[in-house]
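Inspection log for the structure reproduced underneath, given as structure tokens.
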Ligand code: CMP
């Protein structure tokens with residue numbers, strides 16, 4: 001198995017409910033290591049650029065508003081097959097479809113306020129990690 005890095009975001013619905021530790025316990029219990037982390041207020045420009053791929057989707061404007069509605073925790077996770085493992089621990093985008101025990105099944109409020117984001121491919125992980133972190137901020 002390949003050691004990978006992936007970007008994780010704990011979203012405003014989760015920081016508002018003080019769930020950062022509970023979410024990260026699930027990630028760490030799955031064998032993922034948090035090798036970089038910062039709590040930030042995303043700007044509108046950052047949220048628009050980060051979710052650029054969804055610009056034409058009907059939920060884009062609402063998503064940008066949501067992601068700037070409160071603090072987020074951006075973090076880099078490292079481990080064997082980290083991209084897929086993080087997505088497994090997160091569960092499906094829509095919490096109604098998420099497997100029991102996953103972060104979204106336990107904590108998400110809705111398909112939009114779904115508590116966490118995770119990169120969906122190794123290629124996007126590299127882009128998303130570089131969006132928030134410089135190399136010297138990642139300490140494995
Ligand atoms: P995320 O994994 O961060 O990627 C895009 C985000 O858009 C998604 O999680 C949700 O927060 C949000 N979203 C809102 N509505 C939808 C939808 N209908 N389909 C997919 N994502 C949605």
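The values are calculated or read from the model by the stated rules, or taken from the named source; none is laboratory data. Because the structure is predicted, anything quoted here is derived from the model rather than measured. All Cβ positions, glycine included, derive from the backbone under ideal geometry; neighbour counts span all protein chains shown.
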Being in a helix (DSSP H, G or I), within 14 Å of the ligand (Cβ to nearest atom) and under 16 Å from residue 8 (Cα atoms), is that true of even one residue in segment 72-79?
no
Return only the number of the condition from (1) in contact with a helix residue (DSSP H, G or I) (Cβ under 7 Å, 6 or more places away or on another chain); (2) crowded, with 17+ Cβ neighbours inside 10 Å; (3) within 20 Å of residue 132 (Cβ to Cβ) that residue 9 does not satisfy.
(1)
For segment 84-97, name all the residues that are over 11 Å from the mean Cα position of the chain (by Cα) and more than 20 Å from residue 15 (Cβ to Cβ).
84, 85, 88, 92, 94, 96, 97
Just to be sure before I move on: is residue 100 over 15 Å from the mean Cα position of the chain (by Cα) and not in a helix (DSSP H, G or I) in the structure I sent?
yes
State whether one or more residues within segment 130-137 are at pLDDT 95 or above, exposed (fewer than 15 other Cβ atoms within 10 Å of the Cβ), closer than 24 Å to residue 5 by Cβ and within 16 Å of the ligand (Cβ to nearest atom).
yes
From the set of residues in segment 114-129 that are under 19 Å from residue 10 (Cβ atoms) and in a helix (DSSP H, G or I), which is farthest from the ligand (Cβ to nearest atom)?
129
For residues that are closer than 16 Å to residue 25 by Cα, outside any loop (DSSP other than H, G, I, E, B) and in contact with a helix residue (DSSP H, G or I) (Cβ under 6 Å, 6 or more places away or on another chain), scanning just segment 85-97, find the one that is farthest from the ligand (Cβ to nearest atom).
89
Under 8 Å between Cβ atoms, which residue pairs at least 6 apart in sequence (or on different chains) link something in segment 52-80 that is free of Cβ contacts under 8 Å to residues at least 24 places away in the same chain with a partner that is within 11 Å of the ligand (Cβ to nearest atom) and not in a helix (DSSP H, G or I)?
60/51; 64/51
Residue hits (segment 49-62; surrounded by fewer than 20 Cβ atoms within 10 Å (Cβ to Cβ), in a helix (DSSP H, G or I) and within 13 Å of the ligand (Cβ to nearest atom)) are 52, 53, 54, 60, 61, 62
So which of 101, 118 is touching a strand residue (DSSP E or B) at 6+ places or on another chain (Cβ under 8 Å) and within 19 Å of residue 20 (Cβ to Cβ)?
118
